[in-house]
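My questions all concern the structure below.
The values are calculated or read from the model by the stated rules, or taken from the named source; none is laboratory data. These numbers come from a predicted model, not from an experiment. Cβ coordinates were reconstructed from backbone atoms using ideal geometry, including for glycine residues, and neighbour counts include every protein chain displayed.
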Amino acid sequence: MIVVMKSSATDEEVAHVIKRIETVGLKGHLSQGVERTVIGVLGQTFLELRDMLEMLPGVDEVVPISKPYKLASREFQPEDTVIRIGDIAIGGEEVVVMAGPCAVESEQQLLETAKAVKAAGATILRGGAFKPSTSPYHFRGLGEQGLEFLAQVKKEAGLPIITEVMSPSEVELVASYADILQIGARNMQNFDLLEEAGKTRKPIMLKRGLSATVQEWLLAAEYILSQGNPQLMLCERGIRTFETYTRNTMDISVIPVIEKVSHLPVIADPSHGTGKWYLVTPVALAALAAGADGIMVEVHPNPDQALKDGAQSLTFDNFQQLMSQLRPIVAAVGRRLAAPSVKVRS
Ligand code: PEP
Ligand code: MN
């Protein structure tokens, strides 16, 4: 349930409501929106609680939330979450493009890619240093060395970076390099990792699990939000279906679904969503037309030689073509492309 405060409510009245919630063993989560101040009641609520809270001074109304996820719901926060990274805003009017190799392979490979994607209009550089791998015998990333390359290239190319964190014990390390922490599909329900990431104050991108329902995905988001980190975006990266022609089935419909039920921004990843480079552009365009707040795309200087996900990686030329094709789509849905950042906080 949520407690909506009157616009005239004082700070003392807000604090009093939170205290009252705590005295019955629950947690009050304050959200100070532009339009209204709302307190989310987290935990097992009970029937009499509604009346008990409704009579407190400063309270406008108490509204039960029907969904099992609370903080992630539109009912709790009607206005869109907008995440700021330097001068880039994710979830507002602008559309962001995150691009780069699946895995960081060398400083040279990363720098070359960063320069090319930035010149084509990308806003954020992606690259995995810690890579989840279905087979233990495949490339699993350069680890900390990869983070060092990301930090170096971030400075040289002037692009903020997003990179994956795979284990709770590595959250602090990865957060000291990354501008956005990526939690991968295979870890969507690694609850210890979600909570540890939720304790940081870094923006987080939570990818949808391979077979996750919308509800499971948003409950995973709730683990992060309930730790006090509101800078969360979701990423649709395709789900597993009976179809084997494509690597996954990109669920375009989930983009407007999330927009309806949640205030969190949604990014589309057509690279993992399709697994085939020639499907990346059409599916990216479809996702943007459906309202995605951005796309994440894998780009490699030489996809044939890529240590990971070469088949779904775009060449520099193909990425440039994607960028020129997406501009009219972005404009058609009344949005604009975020400009590549020049100032980057170190
Ligand atoms: C990736 O972004 O490289 C990745 C491993 O993605 P996912 O977790 O969606 O498979
Ligand atoms: Mn990949």
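Condition first: touching a His at 6+ places or on another chain (Cβ under 8 Å) and assigned by TED's automatic domain parsing to the domain that holds GLU236. Can you find one or more residues in region 140-162 that meet it?
Narrowing region 140-162 to residues touching a His at 6+ places or on another chain (Cβ under 8 Å): none.
Within region 140-162 (the criterion being touching a His at 6+ places or on another chain (Cβ under 8 Å) and assigned by TED's automatic domain parsing to the domain that holds GLU236), the answer is no, since none of the residues qualifies.
Output the residues belonging to region 80-113 that are more than 23 Å from ALA290 (Cα to Cα), away from ligand 1 (no atom under 16 Å from the Cβ) and either surrounded by 21 or more Cβ atoms within 10 Å (Cβ to Cβ) or aromatic (Phe, Trp, Tyr) (or both).
ILE85
Do you know which of the residues in region 17-36 that are among the charged types (D, E, K, R) and under 30 Å from the mean Cα position of the chain (by Cα) is surrounded by the most Cβ atoms within 10 Å (Cβ to Cβ)?
ARG36
Given LEU279, LEU285, which one is in contact with a Pro (Cβ under 8 Å, 6 or more places away or on another chain) and more than 27 Å from LEU150 (Cβ to Cβ)? Give the steps one after another, and end with the answer.
Working: LEU285 fails: in contact with a Pro (Cβ under 8 Å, 6 or more places away or on another chain).
None of the other options fit; the residue is LEU279.
Answer with yes or no whether LEU279 is more than 30 Å from SER73 (Cα to Cα) and surrounded by 15 or more Cβ atoms within 10 Å (Cβ to Cβ).
yes
Just to confirm my filter: which strands (runs of 3 or more DSSP E) fall fully inside region 10-88 and include at least 1 residues that are closer than 25 Å to GLN215 by Cβ and in contact with a Leu (Cβ under 6 Å, 6 or more places away or on another chain)?
In region 10-88, the matching strands (runs of 3 or more DSSP E) lie at 27-32, 37-42, 59-63.
Among (1) surrounded by fewer than 22 Cβ atoms within 10 Å (Cβ to Cβ); (2) among the hydrophobic types (A, V, I, L, M, F, W, C); (3) within 27 Å of LEU111 (Cβ to Cβ), which single condition is ALA290 missing?
The number of the failed condition is (3).
Of everything in region 118-142 that's crowded, with 24+ Cβ neighbours inside 10 Å and within 15 Å of ligand 2 (Cβ to nearest atom), which residue is farthest from the chain's Cα centre (by Cα)?
Taking region 118-142 and keeping what is crowded, with 24+ Cβ neighbours inside 10 Å, we get 122-129, 141.
Those still in the list that are within 15 Å of ligand 2 (Cβ to nearest atom) too: 125-129, 141.
On the way: LEU125: 14, ARG126: 13, GLY127: 15, GLY128: 15, ALA129: 18, GLY141: 21 Å.
Among those that are crowded, with 24+ Cβ neighbours inside 10 Å and within 15 Å of ligand 2 (Cβ to nearest atom), it is GLY141.
Also: With respect to GLY273, determine if the residue is within 16 Å of ligand 1 (Cβ to nearest atom) and buried (at least 19 other Cβ atoms within 10 Å of the Cβ).
yes
Which of (1) crowded, with 16+ Cβ neighbours inside 10 Å; (2) under 29 Å from GLU75 (Cα atoms); (3) charged (D, E, K, R) is the odd one out, the single condition ARG336 does not satisfy?
ARG336 satisfies all of (1) crowded, with 16+ Cβ neighbours inside 10 Å; (2) under 29 Å from GLU75 (Cα atoms); (3) charged (D, E, K, R) except (1).
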